[in-house]
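The values are calculated or read from the model by the stated rules, or taken from the named source; none is laboratory data. Worth saying up front: this structure is predicted, and the values here are computed from it rather than measured. Every residue, glycine among them, receives a Cβ derived from its backbone with ideal geometry; neighbour counts consider all protein chains shown.
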Amino acid sequence: MRARLPKASLPEPLARALSRAKRQPVLAALAALLVVALVFAALPVLDLAVSRAFWADGAFVGTSDGTARFVRNFARIVEALVALAVGLPLVFKLVWPESRLLIAPRIPLFLYAVFALGPGLIVNGILKAHSGRPRPRHLAEFGGDALFARVGDFSGSCLSNCSFVSGEAASAFWLVALVFVVPKAWRAPVLLASILLAAAASWSRVAMGGHFLSDVLIAWLVTLLVMLLVKEPVLRRFQPALDRAIEAGIARLGRFLRYLLWKAGRAREKRRAA
């Protein structure tokens, strides 16, 4: 008879923290965001040290190595394909209003809402537009002429499309939202794949001198926080009424567009007859 091995257990403080995070994920994500921001604000040398590790022979290694550029482009393609795949059933329903939707309407609503609010509005629309933080490759430490600005310092010399935070890290991390909508058996592999892709895409931006490590980590946590905030109303609270309302709305819009096309066709026929 085989002896049973004792199960490995986490230290009690860590186990309590994980249990609390599982019960209150929004608060946990917010706390993690604040901790990361405070650490990098208090220790700006961390950002410079990580960026310096990718600086060699007067350039960032990612600018001369094709690997970083390939990873960056690959992540963009995957994000575009996912966004397209999620939207195709909606287009199909719009063209054929009487057909049944091939996907629960809440799934594309959730994914598009997370992208629009996280990487779209908060990251690119607010933070990158107003943070003023120069990118690593623009700093005097790395051959440029700009002064370093730590996390929380919005008085930097960058005027637009600034370093804080990373838009591409946020959009790559957006793929983690798939974990909330795929079948349970797929969640672990989808989580692993999306985290690896987000990490690779973020690494490419740091290696190319486009972003600091803090830009990446805070972009991830902002996107995660948006995910958790949107998940409750869209995927749980207003179901199934939300699904029915979205499907009916798309069907009505599809019929209206079909009517407009029919009217336009009739108008063309009348002009030809005249």
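Below is a table of values for the structure above.
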| item | result |
| --- | --- |
| Residue check for L81: within 15 Å of the chain's Cα centre (by Cα) and either closer than 23 Å to N161 by Cβ or of a type in the set (A, V, I, L, M, F, W, C) (or both) | yes |
| Residue within segment 71-93 that is surrounded by 12 or more Cβ atoms within 10 Å (Cβ to Cβ) and part of a loop (DSSP other than H, G, I, E, B) present | no |
| Members of segment 229-243 found to be modelled with pLDDT of 85 or more and either in contact with a Phe, Trp or Tyr (Cβ under 9 Å, 6 or more places away or on another chain) or not in a helix (DSSP H, G or I) (or both), listed by number | V230, K231, V234, L235 |
| Filter result for F74 (aromatic (F, W, Y) and at pLDDT below 95) | no |
| Breaking point among (1) free of Cβ contacts under 8 Å to residues at least 24 places away in the same chain; (2) β-branched (V, I, T); (3) part of a helix (DSSP H, G or I), for V114 | (1) |
| Answer residue from segment 100-149, given it is under 30 Å from P240 (Cα atoms) and in contact with a Ser or Thr (Cβ under 8 Å, 6 or more places away or on another chain) and is surrounded by the fewest Cβ atoms within 10 Å (Cβ to Cβ) among those | F115 |
| Enumeration of residues in segment 157-183 that are outside any loop (DSSP other than H, G, I, E, B) and either over 12 Å from F115 (Cβ atoms) or of a type in the set (A, V, I, L, M) (or both) | E168, A169, A170, A172, L175, V176, A177, L178, V179, F180 |
| Members of segment 244-256 found to be modelled with pLDDT under 90 and either farther than 17 Å from L102 by Cα or not in a helix (DSSP H, G or I) (or both), listed by number | none |
| Among (1) crowded, with 19+ Cβ neighbours inside 10 Å; (2) within 24 Å of the chain's Cα centre (by Cα), the one test that G254 misses | (2) |
| Answer residue from segment 32-70, given it is closer than 23 Å to V176 by Cβ and aromatic (F, W, Y) and is surrounded by the fewest Cβ atoms within 10 Å (Cβ to Cβ) among those | F70 |
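Matching residues to (1) out of contact with any Ser or Thr (no Cβ under 9 Å at 6 or more places or on another chain); (2) touching a residue at least 24 places away in the same chain (Cβ under 8 Å); (3) of a type in the set (S, T, N, Q):
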residue	(1), (2), (3)
K184	yes, no, no
A193	yes, no, no
F212	no, yes, no
K231	yes, yes, no
Q239	yes, yes, yes
